[in-house]
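The values are calculated or read from the model by the stated rules, or taken from the named source; none is laboratory data. Computed from a predicted structure; not experimentally measured. All Cβ positions, glycine included, derive from the backbone under ideal geometry; neighbour counts span all protein chains shown. Only protein heavy atoms, including side chains, enter the accessible area calculation; ligands, DNA and RNA are left aside. Shrake-Rupley method; radii C 1.70, N 1.55, O 1.52, S 1.80 Å.
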Amino acid sequence: MEAFTILFIIAAVAAVWVWVKKSQKNSPKQAANELEPKLDQYHQAISATAQRLVEIINESLKIANESKNADTKVSRLDVAKKRLEELKKLSDEHSFIKLTQLSKVEQSIADLEQEFLQAQYREAAEGNMRGQELEKEGNVDAAILEYERLLEEGVDTPFTYRRLAIIYSKRKETDEELRVLRAAIKNIPVENSTHYKWFAERLAKK
C-alpha cells in the first residue's frame, strides 16, 4: 500500500504541467514582430517559475513519502502545500498557464495529511522542536518532560529517543538511559536502519 501511494503521488504531481500559449494580437505585422520577443521572454520567465514550483512539489512529496524522519516528512509536506498554493496563484494570474490533475494532487496531499495525523508525525515534530528549543535555553528538565511525553505516546521518531538517551547518559542516569534505548528498539522500525543501528549498538555496550 505504501509503495502504491508513493508512486501515485509522484505520478500525480509529475502530471501537473505548464502549457504556454502565445498571445494572439490583431496588430500590424511589424508591431507584432517587435512585441513577440518581449512576449516570449515574459512567457518563458513565468513558465520557468511554474516549472520550478512543479519540481519542488515533486521532490518534496517524494521526500515526505520516503523519509523515515517525522520532522522531515512534515516539513517537506508543508513545503509541497505552500508551493502548490503559489503555483495555483500563478495559474490564476496568468491565463497561459494551465494545470492538469490538480484535484488528484490536492487529494494526494490530503491523504498524506491524514496519514501523518494518524501516525502523530506532526505532534512528534512539534514536540521535538519544543524540546530542542528548551535544551538551547538551558531548561533541560523541561526538555526531558517534553521528550518523555512523546516517548509515552510511542512515537517512532529517532530524534526523541536519541536526545533523551544522550541527556540521561550525560547525567550518569544509566537506568533511565537503558529504559529509553529499549523503548527505541521497540518503537523505531528496523527499516529505519541507520537510526535503529545506533540504538542497538549503544544498548549492546551497556
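Under 7 Å between Cβ atoms, at least 6 apart or on separate chains: pull out the pairs that start in segment 109-122 with a residue that is under 14 Å from Lys68 (Cα atoms) and open to solvent by 50 Å² or more (accessible area, probe 1.4 Å) and end on any residue that is assigned to a helix (DSSP H, G or I) and not basic (Lys, Arg).
Sorted first by the residue in segment 109-122, then by its partner, the pairs are Arg122/Val74; Arg122/Phe116.
Please enumerate the residues belonging to segment 110-151 that are aliphatic (A, V, I, L, M), part of a helix (DSSP H, G or I) and over 21 Å from Arg171 (Cα atoms).
Across segment 110-151, the qualifying residues are Ala110, Leu112, Leu117, Ala124, Ala125, Met129.
Under 9 Å by Cβ, and 6 or more places apart or on different chains, what pairs join a residue from segment 182-197 that is assigned to a loop (DSSP other than H, G, I, E, B) with one that is open to solvent by 60 Å² or more (accessible area, probe 1.4 Å)?
Listed pairs, sorted by first residue: Ile188/Lys68; Pro189/Lys68; Glu191/Lys68; Asn192/Lys68.
Select, from Ser103, Ser67, the only residue that is open to solvent by less than 30 Å² (accessible area, probe 1.4 Å) and of a type in the set (Ser, Thr, Tyr).
None of the other options fit; the residue is Ser67.
Please specify each residue of segment 22-43 satisfying the condition of being open to solvent by less than 70 Å² (accessible area, probe 1.4 Å) and at pLDDT 55 or above.
Hits for segment 22-43 are Asp40, His43.
May I ask you to list the residues in segment 44-62 that are open to solvent by 50 Å² or more (accessible area, probe 1.4 Å) and either in contact (Cβ under 8 Å) with a residue 40 or more places away in the chain or not charged (D, E, K, R) (or both)?
Residues satisfying the conditions are Gln44, Ala45, Ala48, Thr49, Gln51, Lys62.
Going by the conditions given, is Arg182 more than 23 Å from Asn139 (Cβ to Cβ), modelled with pLDDT of 95 or more, surrounded by 11 or more Cβ atoms within 10 Å (Cβ to Cβ) and charged (D, E, K, R)?
yes
Anything in segment 157-173 that is more than 18 Å from Ala119 (Cα to Cα) and open to solvent by less than 70 Å² (accessible area, probe 1.4 Å)? List them, or say none.
Arg162, Arg163, Leu164, Ala165, Ile166, Ile167, Tyr168, Ser169, Glu173, listed by residue number.
Mind checking which residues of segment 48-92 are in a helix (DSSP H, G or I), under 10 Å from the mean Cα position of the chain (by Cα), farther than 13 Å from Leu112 by Cα and of a type outside the set (Val, Ile, Thr)?
Glu59, Asp71
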